[in-house]
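Each remark here refers to the structure printed beneath this line.
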Amino acid sequence: MEKRQLGRSGLRVSRMALGTMTWGDDTDAEEAASQLVAFVDAGGTLVDTADIYTEGEGERVLGSLLGDLVPRDDIVLATKAVARRTDGPFGGGASRGALLSALDGSLRRLGVDHVDLWQLHAWDNTVPLHETLAALDFAVSSGKVRYTGVSNYSGWQLATAAASPTTAQLISVQMEYSLVERGVERELVPAALHHGVGILPWAPLGRGVLTGKYRTSTPADSRGASAAYAGYVEQHRTDRASRIVQAVVTAADGLGTSPLAVALAWVRDQPGVVAPVVGARDTGQLTGSLAAEDITLPRAIKSALDDVSAIDFGYPERGTGR
């Protein structure tokens, strides 16, 4: 698998990341092990988790697989803090105390002495930004964190954080980005490009919609049929999304590949994107995502997908027109 620089840093990662949001819940330890081996065997290196995933079980499952199954040094290990909430004065948020407490918890669950990429899962309006960034500085200087990033920030939030005086340079931003969700192109992508921050798209398959499996019905074994994730998927089951999915299916038929591979290849090669974060129900589904590595969209197909999924831009993104 091709490797890319993550932001303006010396860190190189695979151009696809393995997501672990369902590990410890819908994905048990045996299936997680199978996915991790398949990902690493394909040349994948970046594995993403978070302290909030399945109440910490995602980190525990991943940690249990490092060492004997997959060498720790073969993995770029990424996790997140801020969103996890517990009782007590350090129970969550982006304060110094909460962040450093969360980091210690993540290291404990993962069974490692450091993480390669530590990300702020969300912006926290209740904490001064300088306090949050100072905690990142301390985490890096302590050796517990190698690089830092953010997730789910708006354009102005990313630009403000990236331009703040800090030794822990932000090298990544993780955002929802796909053919059916291109809103980040208005403000976030320009901010990331300007500050040299690499983009890690989550839900690059439009929460599963871009695979085409929801075109005529809701498969019983899909997230769209589950009580926990039905609402999550439903947000992208719209008339606009249906038109985009049909275009993706047509492109896939013409290229002799899957709609999944077409959708992944499109977002993977967008400006500023380093590695889409792909989660899978099982190893077979992950193998389908890994097949996108061999796909480069012809210019005509990319242009057609750009057109059918285009979003509105206006003032101030396009200026005053004067």
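The values are calculated or read from the model by the stated rules, or taken from the named source; none is laboratory data. Please read all numbers here as calculations on a predicted model, not as lab measurements. So basically every Cβ, Gly included, is an ideal-geometry build from the backbone, and we count neighbours across all protein chains shown.
Could you give me the residue pairs with C-beta distances under 9 Å whose first residue belongs to the range 54-71 and is in contact (Cβ under 8 Å) with a residue 40 or more places away in the chain and at positive phi, whose second residue is hydroxyl-bearing (Ser, Thr, Tyr) and surrounded by 16 or more Cβ atoms within 10 Å (Cβ to Cβ) wherever it lies, and which are 6+ apart or on separate chains?
From the range 54-71, the pairs are Gly56/Ser106.
Name, by its number, the condition in (1) in contact (Cβ under 8 Å) with a residue 40 or more places away in the chain; (2) aliphatic (A, V, I, L, M); (3) under 18 Å from Glu59 (Cβ atoms); (4) in contact with a helix residue (DSSP H, G or I) (Cβ under 9 Å, 6 or more places away or on another chain) that does not hold for Ala94.
(3)
Residues of the range 95-111 being modelled with pLDDT of 95 or more and part of a loop (DSSP other than H, G, I, E, B), which ones?
Once the filter is applied, which keeps residues that are modelled with pLDDT of 95 or more and part of a loop (DSSP other than H, G, I, E, B), the range 95-111 yields only Gly111.
In the range 8-19, how many residues are buried (at least 23 other Cβ atoms within 10 Å of the Cβ) and assigned to a loop (DSSP other than H, G, I, E, B)?
So the answer is 1.
Please pick out the residue among Val262, Val245, Val277, Val308 that is surrounded by 12 or more Cβ atoms within 10 Å (Cβ to Cβ), within 24 Å of Ala32 (Cα to Cα) and at pLDDT 95 or above. It would help to see each step written out before you state the result.
Working: Val262 fails: within 24 Å of Ala32 (Cα to Cα); Val245 fails: within 24 Å of Ala32 (Cα to Cα); Val308 fails: within 24 Å of Ala32 (Cα to Cα).
None of the others qualify; the one that does is Val277.
Among the numbered criteria (1) within 12 Å of Thr20 (Cβ to Cβ); (2) modelled with pLDDT of 95 or more, which single criterion is violated by Ala42?
(1)
Conditions: (1) out of contact with any strand residue (DSSP E or B) (no Cβ under 7 Å at 6 or more places or on another chain); (2) of a type in the set (Asp, Glu); (3) closer than 19 Å to Thr45 by Cβ; (4) not in a helix (DSSP H, G or I). Asp73 meets all but one. Number of the miss?
(4)
Any chance you could count how many residues in the range 138-173 are surrounded by 18 or more Cβ atoms within 10 Å (Cβ to Cβ), more than 20 Å from the chain's Cα centre (by Cα) and part of a helix (DSSP H, G or I)?
Summing the residues that are surrounded by 18 or more Cβ atoms within 10 Å (Cβ to Cβ), more than 20 Å from the chain's Cα centre (by Cα) and part of a helix (DSSP H, G or I) in the range 138-173 gives 2.
Looking at the range 72-95, is at least one residue basic (Lys, Arg) and buried (at least 21 other Cβ atoms within 10 Å of the Cβ)?
Pass one, the range 72-95, residues basic (Lys, Arg): 72, 80, 84-85.
From the residues that got through so far, the ones that are buried (at least 21 other Cβ atoms within 10 Å of the Cβ) too are 80, 84.
Yes, the range 72-95 contains at least one residue that is basic (Lys, Arg) and buried (at least 21 other Cβ atoms within 10 Å of the Cβ).
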